[in-house]
Amino acid sequence: MEKRWSIKEEPHFDVEAELSAFEDIGPIIGRLLALRGITSREEAHAFFYPTLAQLHDPFLMKDMAVAVDRLSKAISSNESILIYGDYDVDGTTSVALVYSFLKEFHPHIDYYIPDRCDEGYGISQKSIDLAEEKNISLVIALDCGIKAVDKIAYAREKGIDFIICDHHTPGAELPEAVACLDPKREDCNYPDKNLSGCGVGFKFMQAFAMRKGVAFDRLLRYIDLVVVSIASDVVPVTGENRTLAVAGLKKLNQDPCLGLKSIIQVAGIDGKELELNDIVFKIGPRLNAAGRIESGNNAVKLLICNDEKEAYHIGCSINRCNETRKDLDRNITREAIRLVATDKNLSHRKTTVLYQPCWHQGVIGIVASRLSSLFCRPSVILTRTNELIVGSARSVDGYNVYQAIEACQDLLENFGGHDYAAGLTLKPENVEVFAQRFEEVVAHTIEPAQLVPQIDVDVEIRLKDITQVFFDNLKRCHPFGPGNPKPVFVTRNVYDFGTSKVVGRHREHLMLELIESDSPKIIRGIAFGKGHLLNRIKSSQPFDICYTIEECMNNHPLSLQLMVLDIKWKSEQ
């Protein structure tokens with residue numbers, strides 16, 4: 001499918017000039033900063049040198065003082081406390097952080113992760129009944145609960161208090177919890193609205209530590225868990241999240257907790273400088289696999305483990321779950337693609353909605369994501385659990401799938417999520433009418449351009465601009481992620497040096513060596529899946545490329561390498 005190249009608007013010239021002069025970073029990096037909303041040298045300094053001193057006062061969050069008071073009362077009164085969290089990475093890291101930190105001050109504390117298939121997302125009635133049996137009087141809910149109005153009312157009837165720490169969009173009515181910590185509350189003036197669920201839990205513990213005079217360093221022991229949640233939950237790596245991510249990556253690389261250390265080992269990435277992408281593609285999927293295939297409890301057990309041998313044993317078990325997850329993902333994705341290909345009614349739709357009762361609930365979110373990318377349209381994958389249908393929705397760039405799901409809420413038993421990812425539950429008799437309604441909503445609200453794959457390009461540069469000094473300054477913009485994406489560049493009118501070739505088992509990739517007509521500089525690149533373009537590349541006709549820039553890891557004499565995302569000729573533009 002042909003891709004559109006969308007080059008970002010030019011920043012204000014004066015701003016770009018001022019930023020370019022900051023520590024001699026140059027005009028290209030100056031423009032990148034301006035495109036990310038940085039407008040002064042002071043902001044550039046904060047961006048390049050994030051420190052924990054930049055963190056906001058946690059008591060700026062609505063209900064924070066009330067939450068700290070209730071937690072302090074529970075500890076002083078020797079109450080039993082339950083730490084409750086979602087089964088995904090954000091939830092399990094949240095539970096591990098809050099449980100581990102509070103365990104240092106209070107012995108009567110336990111944790112609970114709901115079963116994905118048996119209990120589903122959010123606060124479950126089963127967990128409340130269990131809390132009553134165990135005489136638990138306070139539950140701290142992490143990465144869920146902000147829409148659990150009925151469940152919190154049920155808990156209140158049983159004399160169980162809840163403190164909710166969530167980052168999802170609240171509904172029209174807030175639960176009657178003791179405190180609802182959620183920066184997305186309309187009445188919350190917290191400066192950063194984009195914290196992960198673990199980030200909200202971290203702020204709660206920060207506030208508790210401040211109130212009790214506990215050294216901040218004791219909480220920072222768990223900062224590696226926060227960066228894992230930030231990367232895995234795909235929240236913007238800007239503002240406070242950037243500060244937490246930088247500190248978390250430092251801890252992850254220098255002294256990770258034993259559980260994360262074991263995952264790093266079994267993933268085969270020990271010994272390298274870990275970045276957010278390593279979390280997204282290596283660490284996060286393995287932690288997620290625990291909840292997808294067996295139980296999220298295993299992920300928490302790993303992350304709170306204090307014995308190296310036991311941590312490695314659990315890590316290996318979770319790695320096996322990940323292998324099972326990959327097999328399920330691969331098979332269901334193939335089946336889903338076949339269903340789309342053989343259903344003529346789907347070819348003209350703006351959405352993909354597929355239902356198979358036998359599909360594994362643990363991987364439907366991954367499959368929905370793959371289909372959204374493949375067909376470039378919002379996708380919902382549904383399966384059956386007990387008497388209900390559960391589903392995961394994924395979106396395309398720029399389209400708010402949560403709002404589209406919300407427009408269908410009269411057909412749903414439950415729903416929740418973010419702009420680009422949502423979960424839903426409905427009755428079997430509503431599947432077809434939901435698919436039709438969802439299609440109608442999306443068809444009337446999505447822009448045609450959003451249904452075409454798009455590559456967002458930052459800056460047009462020359463190959464001769466790509467020097468080691470330039471790349472060193474580019475690396476200072478790390479960590480990259482949502483809100484601060486890895487910069488994408490365009491270079492026009494490049495030529496094959498004469499040595500480009502196809503590589504790969506099936507000769508499917510292009511290994512490029514490129515030059516410009518007015519420069520002797522040769523730069524190496526790789527274009528995955530574009531081996532079929534070799535003859536055209538070697539036709540002596542100039543072409544344009546868009547790409548990111550990487551460092552070669554194999555001591556190649558051309559130390560910088562282009563990761564070529566797309567290639568175009570003038571006739572195609």
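The values are calculated or read from the model by the stated rules, or taken from the named source; none is laboratory data. All values reported here derive from a predicted model rather than from experimental measurement. All Cβ positions, glycine included, derive from the backbone under ideal geometry; neighbour counts span all protein chains shown. Each accessible area value is taken on the protein alone, full model and side chains, heavy atoms only, with ligands, DNA and RNA left out. Shrake-Rupley method; radii C 1.70, N 1.55, O 1.52, S 1.80 Å.
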Would you tally the net charge around Glu429, using a Cβ to Cβ cut-off of less than 14 Å, leaving Glu429 out, and scoring K and R as +1, D and E as -1? -1
Options Ile318, Asn535, Asn484, ranked by Cα towards positive dipole end of the chain, top entry (Cβ charges): Asn535
Using a 1.4 Å probe on the protein chains only, how many percent of the accessible area of the range 398-458 belongs to carbon and sulfur? 47
Using a 1.4 Å probe, how large is the accessible area of Asp57, given in Å² and rounded to the nearest 10? 70
The set of residues whose placed amide H lies less than 5 Å from the amide H of Trp5, leaving out same-chain residues fewer than 5 positions away, is Ile455
Interchain or long-range residues, amide H under 5 Å from Glu460's placed H: Val490
Which of the peptides 296-302, 435-441, 246-252 is most tightly packed, and how do the rest follow, judged by the mean count of other Cβ atoms within 10 Å per residue? 296-302, 246-252, 435-441
Note, ³J(HN,Hα) from phi for the range 324-332, Karplus 6.51, -1.76, 1.60, rounded to Hz, x at Gly and Pro: 4, 4, 5, 5, 5, 4, 4, 5, 5
So for the range 231-338, averaging the separation of alpha carbon pairs under 8 Å that are six or more residues apart and normalising by length, what relative contact order in percent results? 30
Ignoring any ligand, DNA or RNA, what whole percent of the accessible area of the range 227-383 comes from carbon and sulfur when the probe is 1.4 angstrom? 48
By the scheme Lys and Arg +1, Asp and Glu -1, what is the net charge of all other residues having a beta-carbon under 13 Å from that of Lys134? -3
What three numbers, in Å, describe the spread of the alpha carbons of the range 433-569 along their principal axes, ordered from the longest? 60, 38, 30
Karplus-derived HN-Hα couplings along the range 147-159 (A = 6.51, B = -1.76, C = 1.60, θ = phi - 60°), whole Hz, x at Gly and Pro: 10, 8, 4, 5, 5, 5, 5, 4, 5, 4, 4, 9, x
Nearest-ten-degree value, helix 223-232 long axis tilted from longest Cα axis of the chain: 60
Helix-only CD estimate at 222 nm, as mean residue ellipticity for the chain, using -39500 (n - 2.57) per DSSP H run (n ≥ 4): -12000 deg cm²/dmol
If you roll a 1.4 Å probe over the heavy atoms of the protein chains, what accessible area per residue do you get for the chain, in Å²? 44
Protection proxy ranking of 280-289, 412-421 - average other beta-carbon atoms within 10 Å, highest first: 280-289, 412-421
Give the shape of the range 78-184 as rounded, prolate or oblate, defined through the alpha-carbon gyration tensor: a ≥ b ≥ c are the square roots of its eigenvalues, a/c under 1.5 means rounded, and otherwise the shape is prolate if a/b is larger than b/c and oblate if not. rounded
Can you check what the net charge comes to around Glu508, using other residues whose Cβ is under 14 Å from the Cβ of Glu508 (Lys, Arg +1; Asp, Glu -1)? +4
Given the candidates Leu225, Leu82, Asn135, the one whose Cα lies deepest towards the positive end of the charge dipole of the chain, counting +1 at each Lys or Arg C-beta and -1 at each Asp or Glu C-beta, is Leu225
Between the residues Cys305, Asn288, Val266, the Cα farthest towards the positive end of the dipole of the range 262-308, that dipole coming from +1 and -1 charges on the beta-carbon of Lys, Arg, Asp and Glu, is from Asn288
About its Cα centre, the range 416-573 carries a charge dipole, from +1 on Lys and Arg Cβ atoms and -1 on Asp and Glu Cβ atoms, whose size in debye to the nearest 20 is 700
Please go through the range 63-127 and write out the GluC sites (Glu not before Pro) that DSSP classes as loop and that have at most 12 other C-beta atoms within 10 Å. Glu104
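So how strong a dipole does the chain carry about its Cα centre when Lys and Arg Cβ are +1 and Asp and Glu Cβ are -1, to the nearest 20 debye?
1600
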Among the listed pairs Lys261/Lys301; Lys3/Lys350; Lys344/Lys427; Lys151/Lys193, which are separated by more than 19 Å between their Cα atoms? Lys344/Lys427; Lys151/Lys193
Ordered by residue, what ³J(HN,Hα) values in Hz, to whole numbers, does the range 392-398 give under the Karplus form 6.51 cos²θ - 1.76 cosθ + 1.60, where θ = phi - 60° and Gly and Pro are x? 10, 10, 9, 10, 10, 3, x
Amide H to amide H under 5 Å from Leu565: which residues, 5+ apart in sequence or cross-chain, H placed 1.01 Å off N in plane? Cys546, Tyr547, Thr548
Can you give the Rg to Rh ratio for the range 294-399, taking only C-alpha atoms and Rh from Kirkwood? 1.10
I need two numbers for the chain: Rg to one decimal and Dmax as a whole number, Cα atoms only, in Å. 24.9, 80
